[in-house]
1. Report, ordered by chain and residue number, the aspartates and glutamates lying within cross-link reach of Lys576, taken as a straight Cα distance under 19 Å and ignoring same-chain residues fewer than 8 apart.
2. When the chain is fully extended, how far beyond the present Cα-Cα distance does Val30 get from Leu516, taking 0.36 nm per residue of separation?
3. Check the straight Cα-Cα distances from Lys167 and name the aspartates and glutamates below 18 Å, setting aside those fewer than 8 residues away within the same chain.
4. Let me make sure I get this right: for the range 278-552, a, b and c are the square roots of the gyration tensor eigenvalues over alpha carbons, sorted descending. Under 1.5 in a/c it's rounded, otherwise prolate if a/b > b/c, else oblate. Which is it?
5. Given a Förster distance of 56 angstrom, what is the FRET efficiency for His498 paired with Tyr566, based on the Cβ-Cβ distance and rounded to 0.05?
6. Could you give each residue of the range 605-611 its phi-based ³J(HN,Hα) in whole Hz, using Karplus coefficients 6.51, -1.76, 1.60 with θ = phi - 60°, and x for Gly or Pro?
7. How large is the dipole of the range 553-602 about the Cα centre if only Lys and Arg carry +1 and Asp and Glu carry -1, each at its Cβ, rounded to the nearest 20 debye?
8. Can you give me the convex hull volume of the Cα atoms of the range 1-160, divided per residue and expressed in Å³?
Amino acid sequence: MRTILFLLVFLPLAGALFHILAGRHVSRRVVEIVACSSVAGSFFMALSALLALKQGPLRVIFLRWFEAGDFHAAMDVYYDPLSAVMALMVTFVSALIHVYSVGYMRDDEDYARFFFYLNLFVFCMLVITLADDLVFLFLGWEGVGFCSYALIGFWYRDEANAAAGRKAFLLTRLGDVAFGVALGLVFVLFNRLSISHVTTHATELTAASATVLGLLLLWAAVGKSAQLPLVVWLPDAMAGPTPVSALIHAATMVTAGVYLLMRLFPVVLMSEAALSAIAVVGVLSAFYAACAALAQKDIKRVLAYSTISQLGYMFLAVGAGDVIGSMSFLLSHAFYKALLFLAAGCVIRALHEEHDIFRMGGLRGRLPAVFFLFLAGVLSLGAIPGTGGFINKDRILVAVFSHPHGAFKILWLAAVATSFLTTLYAFRLLFVVFLGRSGQSVEQQEIHPIPAVMTRTLWPLAFLALFAGFMNLPAVWGGEEWLAGFLGGVPGTVPHLHISPGIEWFVAMSDGVVALAAAALAFVLYGPVESTRWRAVFIPAQTVRDFFLSGFYLDRLYQAVLARPYMELARILWLKVDEGALDGCIAASSRTFPLLGSVLRLWTTGRISTYLLGLLVGLTVMLGLLVIRFYAG
């Protein structure tokens, strides 16, 4: 088992090292084979480890890193059902994205650097997934931040891409500061940085300590998972290649934040204030991003805001105390969001890098395979009854509705309203891109051929997007909730919600009716048949659409409140203080040295008479001082 876990974590790192050392000296085919096989091998190791997990959690130390007094750090892993499921998802989705990238990056000359970063990204995410030592986890946490920066700005010769990478790097660092503080607090409170130790002894925390620690972890997760208020970097992250977008949104990076909360959930569970804060942040982020997605024109930005919204549901589930609901929804989201991004990449490639959905349309007949793949993703994202997205979202809504705190009923209503918006923007995207309307057709435009590897890779994702939810099918629907049972031993989890079948049916029927109504409305507003009267009623005014399109002007707000004052202060410190005051003082002091030098030069003539005169003057001064002191005394 130790060897399996070692290979699971370090095979992608080995692939990354190969690319950085030999990638430029071997053929493209060799680089592609090494990149894909290293992650595929990691997937098979994850599958083998899952099948071998029979005797409960396992902790394996690969390397004792360093020790200083009571402080210990080690490269180790803690393999339990939660990390087992997460590792399997990360490696599976990442392997498919690597294979897809072979076709997508076929014409890019910098393929070795691309696959180096991609392999390294997967390694860092696996460190986050499996690490037991929080210092080791923090290494992976910072690693995914670096890789996201490098991949978002991969085409760095375009200033917009480079700026998007810097923006992502800087904003996520704000959350990382809180994580660093949380590490110090964990060591002070527990004298250990082992996750297994912390979760076992979490009940020893006081309410105040748990609240502070929980809020620090929330802020760290908010930065990495792009929740309010640190959401503005993720839509701009679409500047990178589409496989990167899929990897960030589905298998790595943004899921790291909510996974951290699940991993340390026993700590968060000790504070009602922290749980409530997590739930509120989640539902606000979900509703905000769903509104913004409704107005986007860039196909990838629609999906980016969708990710923010769907992650909000995962935060809401954690805040409601349902880690299993959050994890099962994370799995479904990984499958259908990877599917949607990669299918969108096929559309973009076919239309010669076109991103504007209103310049598409009529693609159903010209890209039939991509249409059906995209349809599978939209059905699950829109939570149409019977899909995996519906089943797993329903578990979250049931947990929120049945929460004993009355305020969670309000959060449930907000989550249902967000679900309506989610289905609406999902089917808007489908109808506009593939069905189109007059003036949107691309029938006269030549379709760029799509490599077969790009579409064939998506069929497993389509199957899992539609049916993965049945792994956690509720008993009231005839299911056995296998996933809930498997994760039942994870600290803090509640395998079964223990509520009446009537409540489960009410919540499911409500969500189902809302989803179908939203899909019908999307067809009326954006379907192939012109509906001017209905559009006038339901589509908001242009000012509201511009407000949603801009993401509620959050970027402008941050520019006005934070960036510009900071830049103005920096300008004042630079021009007034540094160059004006400090440099002025230094320049003034430097002008005294020539003056002193000119005086001293008068005494360095090389003539004996001058030195004798100086001696006489000095002697006279000394005798004068002695006389003055004599008479003064």
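1. Here the aspartates and glutamates satisfying the reach criterion relative to Lys576 are Glu568.
2. Numbers: separation 486, 0.36 × 486 = 174.96 nm, distance 4.80 nm.
Once the chain is fully extended between Val30 and Leu516, it gains 170.2 nm.
3. Within the straight-line cut-off, Lys167 pairs with Glu142, Asp158, Glu159, Asp176, Asp236, Asp555.
4. prolate
5. So the FRET efficiency works out to roughly 0.65.
6. 7, x, 9, 5, 4, 5, 5
7. Values: 6 positive and 5 negative charges, 30 e Å.
Dipole magnitude for the range 553-602 comes out near 140 debye.
8. Once divided by residue count, the hull of the range 1-160 is 125 Å³.
Read-outs: derived from the displayed coordinates by stated rules, not from any lab. What you are looking at is a predicted structure, and each value in this text was computed from that prediction instead of being measured. Ideal geometry is used to build each Cβ from the backbone, glycine not excepted, and the neighbour counts take in all protein chains shown.
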